[in-house]
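**Q** This structure is in C-alpha cells; I'll ask about it shortly.
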Amino acid sequence: MTHIGSYAQVILPGVSFAEKDGTFTNMERRVQRVRKAISPIGDSMPDWKILCDLSTKMGYPMGYQSPAEIMEEIASLVPFYAGVSYSNLEKGGIQWPSKNGGKKRFSPVEYKGPAEQPDTKYPLWIIPRGFHYHYGIGTTTKRAMGLAKVFPDSCIEIHQKMPQKQD
C-alpha cells in the first residue's frame, strides 16, 4: 500500500510490472511485448482482467481470455495499430502506423487553446514541475540518482504577475 493509496475508498488488486503480460507503446510509437516474470501474488489480477470483470458487473460483458485477444481487437479498430499482432511483435516490436510494414507521417492539426482559462474564481495557472520526469507518482523512480540531479525537488510555479481580483 502506498501513501496515496491509503486515501482511496476502493483498491483494485492490480499486479506489479513483473507480473504483467501484454504490450506497451513507448514514446517512439514502438509497440512491444511485455512478458510476466512471476505469477500474480495473492489475490492480485492483471489490469485487463480487472477491467473485464468491472465492465461485466456494470452490464457490458467483456469476455476476453488473454491480452493477445485484446490486441487483436485494438488492431481491428484503431487504424494506427492495423497489422499489429502478438506474432509479429516477437521480432522486437513494431512502430505504428504499421499496416503492411509501412510508415506514415504525423498530420498537422489546428491548435486549440486550453478548455479552461484562469478567472476570478480560479485566478491562477498552476504548473507542477518535476513529476513529469517520473513514472506514475515516482514510487519506482524517485530514488534514481540521475533523475534526482535533474530535479531534486518538486515545486509549483506561479507567475509573478497575479491577476487582479474583480469585485
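The values are calculated or read from the model by the stated rules, or taken from the named source; none is laboratory data. Note that the structure is a prediction, hence the values are computed from the model and not measured. Please note: Cβ atoms are built from the backbone with ideal geometry, for glycine as well, and neighbour counts cover all protein chains shown. Surface accessibility is based on the protein's heavy atoms, side chains included, excluding ligands, DNA and RNA. Shrake-Rupley method; radii C 1.70, N 1.55, O 1.52, S 1.80 Å.
**Q** Of the conditions (1) within 25 Å of Phe106 (Cβ to Cβ); (2) open to solvent by 80 Å² or more (accessible area, probe 1.4 Å); (3) over 18 Å from the mean Cα position of the chain (by Cα); (4) of a type in the set (A, V, I, L, M), Ala82 satisfies every one except a single condition; which number is it?
**A** For Ala82, the failing item is (2).
**Q** Looking only at the range 74-97, which residues are farther than 13 Å from Gln32 by Cα and either out of contact with any Phe, Trp or Tyr (no Cβ under 7 Å at 6 or more places or on another chain) or at pLDDT 85 or above (or both)? Spell out the reasoning first.
**A** Of the range 74-97, the ones farther than 13 Å from Gln32 by Cα are 74-80, 82-83, 97.
Listed by number, the residues that qualify are Ile74, Ala75, Ser76, Leu77, Val78, Pro79, Ala82, Gly83.
**Q** For Ile158, which of the numbered conditions (1) surrounded by 10 or more Cβ atoms within 10 Å (Cβ to Cβ); (2) out of contact with any helix residue (DSSP H, G or I) (no Cβ under 7 Å at 6 or more places or on another chain); (3) at pLDDT 80 or above fails to hold?
**A** Ile158 satisfies all of (1) surrounded by 10 or more Cβ atoms within 10 Å (Cβ to Cβ); (2) out of contact with any helix residue (DSSP H, G or I) (no Cβ under 7 Å at 6 or more places or on another chain); (3) at pLDDT 80 or above except (3).
**Q** Whether any residue in the range 62-72 is assigned to a loop (DSSP other than H, G, I, E, B), out of contact with any Phe, Trp or Tyr (no Cβ under 8 Å at 6 or more places or on another chain) and modelled with pLDDT under 90 is what I want to check. Talk me through it step by step, then tell me what you get.
**A** Within the range 62-72, the subset assigned to a loop (DSSP other than H, G, I, E, B) is 62-66.
Next cut, out of contact with any Phe, Trp or Tyr (no Cβ under 8 Å at 6 or more places or on another chain) only: 62-63, 65-66.
Add one more test, that the residue is modelled with pLDDT under 90, and what stays is none.
Taking every residue of the range 62-72 in turn, none turns out to be assigned to a loop (DSSP other than H, G, I, E, B), out of contact with any Phe, Trp or Tyr (no Cβ under 8 Å at 6 or more places or on another chain) and modelled with pLDDT under 90.
**Q** Mind listing just one residue for me: the one in the range 1-58 that is touching a residue at least 60 places away in the same chain (Cβ under 8 Å) and assigned to a loop (DSSP other than H, G, I, E, B) and, of those, nearest to Ile74 (Cα to Cα)?
**A** Arg29
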